[in-house]
1. Any idea which residue in the range 125-148 is farthest from Leu97 (Cα to Cα), counting only those that are of a type outside the set (D, E, K, R) and exposed (fewer than 13 other Cβ atoms within 10 Å of the Cβ)?
2. Looking only at the range 93-112, filter to residues that are among the polar types (S, T, N, Q) and part of a helix (DSSP H, G or I); which one of those is farthest from Glu192 (Cα to Cα)?
3. When you look at Phe116, is it among the aromatic types (Phe, Trp, Tyr) and in contact with a Pro (Cβ under 9 Å, 6 or more places away or on another chain), yes or no?
4. May I ask you to list the residues in the range 24-38 that are crowded, with 21+ Cβ neighbours inside 10 Å and either away from ligand 1 (no atom under 12 Å from the Cβ) or small (Gly, Ala, Ser) (or both)?
5. Could you say which residue among Asn95, Asn158 is closer than 18 Å to Ala22 by Cβ, modelled with pLDDT under 95 and exposed (fewer than 12 other Cβ atoms within 10 Å of the Cβ)?
6. Residue under question is Ile46, and the condition is that it be more than 9 Å from ligand 2 (Cβ to nearest atom), within 18 Å of Ser82 (Cα to Cα), modelled with pLDDT of 95 or more and crowded, with 17+ Cβ neighbours inside 10 Å; does it hold?
7. Could you give me the residue pairs with C-beta distances under 6 Å whose first residue belongs to the range 10-23 and is over 13 Å from Ile163 (Cβ atoms) and more than 6 Å from ligand 1 (Cβ to nearest atom), whose second residue is open to solvent by less than 40 Å² (accessible area, probe 1.4 Å) and not hydrophobic (A, V, I, L, M, F, W, C) wherever it lies, and which are 6+ apart or on separate chains?
8. Which residue out of Leu115, Leu122 is open to solvent by less than 20 Å² (accessible area, probe 1.4 Å) and of a type in the set (A, V, I, L, M)?
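The values are calculated or read from the model by the stated rules, or taken from the named source; none is laboratory data. Everything quoted here is computed from the prediction, not taken from an experiment. All Cβ positions, even for glycine, are placed from backbone atoms using ideal geometry, and neighbour counts span all protein chains on display. Note: areas computed on protein heavy atoms with side chains; ligands, DNA, RNA excluded. Shrake-Rupley method; radii C 1.70, N 1.55, O 1.52, S 1.80 Å.
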Amino acid sequence: MQIIIYNQKGGVGKSMLATQLALYFDTTIIELDPYGMLNDTLGDDIVYKVELNEKVPEIKEGDVIYDFGGFDDLRLDEISKSADLIIIPFNPTINSLGTTLKSYNRVKTQNVPVLFVVNAVLNDKDVEESISFIKENTQDEIDFFVIPHTRALQTVENEGVSIIEFANSSGLRKHTYRKISGIMKDFVKKIEEYLE
Ligand SMILES: Nc1ncnc2c1ncn2[C@@H]1O[C@H](COP(=O)(O)OP(=O)(O)O)[C@@H](O)[C@H]1O
Ligand SMILES: [Mg+2]
């Protein structure tokens with residue numbers, strides 16, 4: 001399983017998703033963001049950091065998640081050749097949509113299935129508006145998944161743990177994190193459908 005997380009916009013949740021998916025599916029993260037710091041929280045066992053001037057390791061088999069930086073990275077073309085899915089997270093705000101559209105148009109040429117993640121959502125109207133913006137500007141059928149804005153995902157990010165696992169670790173947490181944990185379970189199910 002090889003999943004690419006891509007958006008030329010920074011701060012949209014790429015590393016958050018890479019972390020959650022890698023912890024859930026027990027995969028390596030290849031960190032392509034020169035400013036990324038995932039190995040600080042997750043450690044070198046999980047995160048393999050590739051500097052900009054370094055060659056990306058060629059992975060034919062084995063499970064890996066590619067966490068890109070917030071820029072147009074030429075390495076996308078090579079990596080896409082063995083990818084099963086490209087996830088484009090974005091925030092449904094005006095200042096994120098233009099770059100997201102540009103990122104999608106770049107990704108589209110790779111012939112890899114694309115799943116949008118509308119991330120850090122504060123209200124349903126933003127989801128509707130941003131999805132119709134993308135549909136209108138591409139004329140494509142697009143698949144998307146919605147993740148709400150929640151402190152819980154920031155908490156587990158600092159801890160370097162999977163939200164699903166974290167929610168199961170005590171009775172109180174189960175109660176507190178039930179909703180977001182359920183959403184993330186649906187999210188991994190959706191991803192599994194792409195991997196079948
Ligand atoms: N659904 C969410 N709810 C709340 N905060 C979020 C959510 N997704 C991401 N964040 C926070 O937004 C910030 C940027 O996320 P990050 O994954 O680093 O983005 P990127 O890798 O695209 O630059 C981080 O502080 C992260 O904890
Ligand atoms: Mg990042």
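1. Top of the filtered list is Gln139.
2. It comes out as Asn95.
3. Spelling it out, Phe116 is indeed among the aromatic types (Phe, Trp, Tyr) and in contact with a Pro (Cβ under 9 Å, 6 or more places away or on another chain).
4. Of everything in the range 24-38, just one residue is crowded, with 21+ Cβ neighbours inside 10 Å and either away from ligand 1 (no atom under 12 Å from the Cβ) or small (Gly, Ala, Ser) (or both), namely Ile30.
5. Asn158
6. When the stated conditions are applied, Ile46 does not pass them.
7. That search, which allows pairs on different chains as well, returns Ala18/Asp67.
8. Answer to the selection: Leu115.
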